[in-house]
1. So which residues in region 31-55 are among the small types (Gly, Ala, Ser), surrounded by fewer than 16 Cβ atoms within 10 Å (Cβ to Cβ) and more than 22 Å from Pro99 (Cα to Cα), if there are any at all?
2. Of everything in region 81-127, what is of a type outside the set (A, V, I, L, M, F, W, C), surrounded by fewer than 17 Cβ atoms within 10 Å (Cβ to Cβ) and touching a Leu at 6+ places or on another chain (Cβ under 7 Å)? Give them in sequence order.
3. Please go through region 69-80 and pick out each residue that is surrounded by fewer than 19 Cβ atoms within 10 Å (Cβ to Cβ) and touching a strand residue (DSSP E or B) at 6+ places or on another chain (Cβ under 9 Å).
4. Restricting to region 1-30, count the residues that are surrounded by 11 or more Cβ atoms within 10 Å (Cβ to Cβ), over 16 Å from Arg128 (Cα atoms) and of a type outside the set (Phe, Trp, Tyr).
5. Quickly run through region 1-46 and pick out the residues that are of a type in the set (Val, Ile, Thr) and either under 17 Å from Arg123 (Cα atoms) or assigned to a strand (DSSP E or B) (or both).
6. Return the only residue of Ile23, Ile103, Ile48 being of a type in the set (A, V, I, L, M, F, W, C) and in contact with a Pro (Cβ under 7 Å, 6 or more places away or on another chain).
7. Answer yes or no: is there a residue in region 99-121 that is in contact with a Gly (Cβ under 8 Å, 6 or more places away or on another chain), at pLDDT below 85, closer than 28 Å to Leu9 by Cα and aliphatic (A, V, I, L, M).
Amino acid sequence: MTTHNVATLLAYDCWSLLGEAEIARVAWQGADGIALVPVNYAVGEAAIWFRVEPESKLARECDGQQVVVEVDRVDSETRTAWSVVVVGIAHLVDELDVPDTLIEMRVWPGGPRRRFVRVEPDRLTGRRLLSA
């Protein structure tokens, strides 16, 4: 039986790990209860950014609302993992007001995603699961 240690991550380590991944899950209190969707995201200007379709549920319900963004990676072969959770207020940002470094953000699904969402953390936490 393998024993594991759980380590709390410093903010610096959380930001570093966030910069390595591409997919996050965004959760919020929607009109029909808790909603959760996967998104492609990028890190820039001390915030998490993702692109949305203007008519999407995420765009309609999140502006000005608290959201939780969770990013993780699991290696089932080594039985190690990490998880970073960002809690903050989501703000819709017009394409013209997005930093140049983020305007070409890669998004896997097709379709127009002319709106951006910016989440500046009120709370940033992370944990790493390591084999003992």
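1. Correct list: Ala31, Gly33.
2. Arg127
3. Glu70, Asp72, Arg73, Val74, Asp75, Thr78, Arg79, Thr80
4. Residues in region 1-30 being surrounded by 11 or more Cβ atoms within 10 Å (Cβ to Cβ), over 16 Å from Arg128 (Cα atoms) and of a type outside the set (Phe, Trp, Tyr): 8 in total.
5. Val6, Thr8, Ile23, Val26, Ile34, Val37, Val39, Val43 - these are the residues of region 1-46 that are of a type in the set (Val, Ile, Thr) and either under 17 Å from Arg123 (Cα atoms) or assigned to a strand (DSSP E or B) (or both).
6. Only one candidate qualifies: Ile23.
7. yes
The values are calculated or read from the model by the stated rules, or taken from the named source; none is laboratory data. These numbers come from a predicted model, not from an experiment. Here Cβ is always computed from backbone atoms with ideal geometry, including for glycine, and neighbour counts include all displayed protein chains.
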